[in-house]
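Okay, so here's the structure we're looking at.
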Amino acid sequence: MTTCKYVEELAAHFRNAFAAARKHSVEEQKRQRYYYNRKAGNTNHQTHEAVWLYCPVNKSKRNMKFATPWTGPFEIIEQVSGVNYRIRSFGSPRRTQLVHLNRLKRCKLTPA
């Protein structure tokens, strides 16, 4: 077997392995998306509604017992899909985030 023939066969083998790995990765992503979205709440949020965003990261280095994982309030700009929403902070209207429904909770704002 010549070197050129060996390199061609090896490249073909790598292409086949890469295609199979990509196919399995896409299938696994679909399966995981299905199981994650299956437990999503059926709460329908309206555009321009105030919501809290769940961020469990403790940035203040306080004890997690006293930390508040809900930040905000945020305003819903649009519903991108059935379970994803684009939101923006009332404080910085230019910066937007795309978040899943499971991380949102209605915010009851009282007039000042």
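What follows draws every value from the coordinates through simple rules; no lab data is involved. In this text the structure is predicted, and so the values were computed from the model without any measurement. As a convention, Cβ positions derive from the backbone with ideal geometry for all residues, glycine included, and neighbour counts pool all protein chains shown.
Some values worked out for this structure:
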{"item": "Search result, residues across segment 71-99 that are in a loop (DSSP other than H, G, I, E, B) and either of a type in the set (A, V, I, L, M) or within 26 Å of Arg38 (Cα to Cα) (or both)", "result": "Val80, Ser81, Gly82, Val83"}
{"item": "Test: residue in segment 3-25 that is assigned to a strand (DSSP E or B) and aromatic (Phe, Trp, Tyr)", "result": "no"}
{"item": "Residue within segment 19-32 that is free of Cβ contacts under 8 Å to residues at least 40 places away in the same chain, surrounded by 10 or more Cβ atoms within 10 Å (Cβ to Cβ), under 14 Å from Val83 (Cβ atoms) and not small (Gly, Ala, Ser) present", "result": "yes"}
{"item": "Breaking point among (1) part of a loop (DSSP other than H, G, I, E, B); (2) exposed (fewer than 10 other Cβ atoms within 10 Å of the Cβ); (3) without any contact (Cβ under 8 Å) to a residue 24 or more places away in the chain, for Thr68", "result": "(2)"}
